[in-house]
Amino acid sequence: MATQKDISKYLLDYYQIDYTLVEKPGKSLFSKVRVLICNTIRCINFIRENKIDLIISRISPYLALSGFLLRKPHVILADTESAGIYAKFFVKFVNLVITAQSYRRRLCRKQVKFDGNIELMYLHANRFQPDVSIVDLLGIKPGELYVIMRFVSWDAYHDKGLSGFTDANKIKAVRSFEKYARVFISAEKELPPQLERFHIKIPPERMHDALAHAALFLGESSTMASESAVLGTPAIYLNKNWLGYTDEEQEYGLVFNFKDTAEEQDAAITKGEALLSNPETEAIMAKNKQALLKEKIDVTAFIAWLVHNYPGSAERLQKNPDYQYNFR
């Protein structure tokens, strides 16, 4: 099951993965209730038709309710503390909740923590090797530095009441970074006219290659900041609400977190200039990345074991959480 969110449908099509779309709710209460009922029915039918024995997902109200009604075991992964009441309510209907050790909330007694994060599921060195040909796609000269910037739309449920860089500071950041590197911008909403020429023009499936070879990431997306961090690219993340996993990556010297005040926006841009102007940054980040990977588990191997051996695997983890360190 998938939602038509961001580029998820595009990537599923690109990698030729079969899927069934669920409807996205509108902003009104009526729309949310109607979609909750319709999507839950759609999920129930999908589970029955495909004889699903175990559900694994992010926090999904539709799958949580359909799994509960059909008495199907359901494992969820949660990593966004700001999901708040939404997460706290729907975990009541699932069998096991998996969160990173950096996750700061206790959702329920069925919660198990792993030493890693969701981005390591697909970007761990055991899973992903960046393709250097991305520099040709970007039109980068040999040895030329470049920066990836990401600005979000702030439309997600957990983004309520939040905002990011002002247009003036987006322009200021580009002008500051242009002194040291080429600048590329990924944006969910319209950019100021002065910045349109910086819009990145690569296929979405190549973004991780671009992040891996960038000299710096700056943006409002916690996911892309974390992706940059596990790839060894210094990441400047700006958001009023910090998350456990970006806080942890800051401890490794891979992410630099800033709030969204005017002073913090200026400080974030200044930090970006400092990183770009320091010839030691690349070596420092490579060392910090290795320190992170040395201590974290191979999350994909861990999840695969958990699923293939469920429910015995869940019982083993609850008795001995350190069993996860068999998956390095």
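The values are calculated or read from the model by the stated rules, or taken from the named source; none is laboratory data. Remember, predicted model here, so these are calculated numbers, not experimental data. Cβ: placed from backbone, ideal geometry, glycine included. Neighbour counts: every protein chain shown. All accessible areas refer to the heavy atoms of the entire protein, side chains included, with ligands and DNA or RNA removed. Shrake-Rupley method; radii C 1.70, N 1.55, O 1.52, S 1.80 Å.
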*Rounding to the nearest 20 debye, state how big the charge dipole of segment 191-257 is about its Cα centre with +1 on each Lys and Arg Cβ and -1 on each Asp and Glu Cβ.*
320 debye
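Based on DSSP loop calls and a cut-off of at most 15 other Cβ atoms within 10 Å, the longest stretch of the chain free of exposed GluC sites (Glu not before Pro) is what? Please list the in-between numbers first.
Details: sites that count: Glu23, Glu144, Glu178, Glu188, Glu190, Glu280.
No qualifying site falls inside 24-143, the longest such stretch.
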_Signed unit charges on C-beta, dipole axis of segment 170-313, positive-most listed residue Gly232, Ala173, Leu293_ = Ala173
*Enumerate by residue number the chymotrypsin sites (Phe, Trp or Tyr not before Pro) in segment 1-51 meeting two conditions: DSSP loop (anything except H, G, I, E, B), and at most 15 other Cβ atoms within 10 Å of the site's Cβ.*
Tyr15, Tyr19
*In whole percent, what relative contact order does segment 73-120 give with Cα contacts below 8 Å and a gap of six or more residues?*
38 percent
_Candidate residues Ile134, Ile202: accessible-area rank, largest first, probe 1.4 Å_ = Ile202, Ile134
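Can you give the charge dipole size of segment 199-328 about its Cα centre, rounded to the nearest 20 debye, using +1 on the beta carbon of Lys and Arg and -1 on the beta carbon of Asp and Glu?
Numbers: 12 positive and 19 negative charges, 96 e Å.
About 460 debye.
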_Dipole magnitude of the chain about its Cα centre (Cβ charges: Lys, Arg +1; Asp, Glu -1), debye to nearest 20_ = 1340 debye
